[in-house]
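A short worksheet on the structure shown next.
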Amino acid sequence: MSWIVLFVSGVFEAVWAVALGKSDGFSKLTPTVVFGVGLLLSMAGLAFAMRELPTATSYVVWVGIGAVLTATYSFLTGDEAVSVAKVVLIGVITASVVGLKLLHG
């Protein structure tokens, strides 16, 4: 259960990261609210998962999921240019997250 919650909280990390970028310094209401809710849910999920999972593993997996999803969103929306090098490096992050899960259990 902790791994599922950790994955979902990693998704919410991407949500708050994207919303933070769209909030324009917290001057736009909707992205600011989405940021706040996403941040709270993300942190709560991380805290829950860390009750059973090691701190370092939890944090790296949480950040990795958030980073990969945030970058993927940016590529798909055209906010950031896609390159082979970026895709390969994001693949390395993904492989690292999967590897940490496999090593843990």
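A few points about this structure:
- Considering only residues in segment 77-102 that are among the hydrophobic types (A, V, I, L, M, F, W, C), closer than 22 Å to Ser9 by Cβ and touching a helix residue (DSSP H, G or I) at 6+ places or on another chain (Cβ under 8 Å), the one that is surrounded by the most Cβ atoms within 10 Å (Cβ to Cβ) turns out to be Val97.
- Segment 51-63 - residue that is surrounded by fewer than 21 Cβ atoms within 10 Å (Cβ to Cβ) and in contact (Cβ under 8 Å) with a residue 24 or more places away in the chain and, of those, nearest to Phe35 (Cα to Cα): Val63
- Any hit, segment 10-17, residues being in a helix (DSSP H, G or I) and surrounded by fewer than 18 Cβ atoms within 10 Å (Cβ to Cβ): yes
- Residue ID - nearest to Ile93 (Cα to Cα), chosen from residues in segment 64-76 that are buried (at least 17 other Cβ atoms within 10 Å of the Cβ) and either more than 8 Å from the chain's Cα centre (by Cα) or not aliphatic (A, V, I, L, M) (or both): Gly64
- Candidates in segment 18-35 are the residues that are polar (S, T, N, Q) and not in a loop (DSSP other than H, G, I, E, B); of these, the one that is surrounded by the fewest Cβ atoms within 10 Å (Cβ to Cβ) is Thr30.
- Residues considered: Glu80, Glu52. Of these, the only one that is in a loop (DSSP other than H, G, I, E, B), acidic (Asp, Glu) and over 21 Å from Trp16 (Cα atoms) is Glu52.
- Of the criteria (1) touching a helix residue (DSSP H, G or I) at 6+ places or on another chain (Cβ under 6 Å); (2) farther than 22 Å from Ala19 by Cβ; (3) aliphatic (A, V, I, L, M); (4) outside any loop (DSSP other than H, G, I, E, B), which one Val68 fails: (2)
FYI, it's all coordinate maths here, none of it is from the lab. Computed from a predicted structure; not experimentally measured. Don't worry about glycine lacking a Cβ; one is built from the backbone with ideal geometry, like all the others, and counts go over all protein chains shown.
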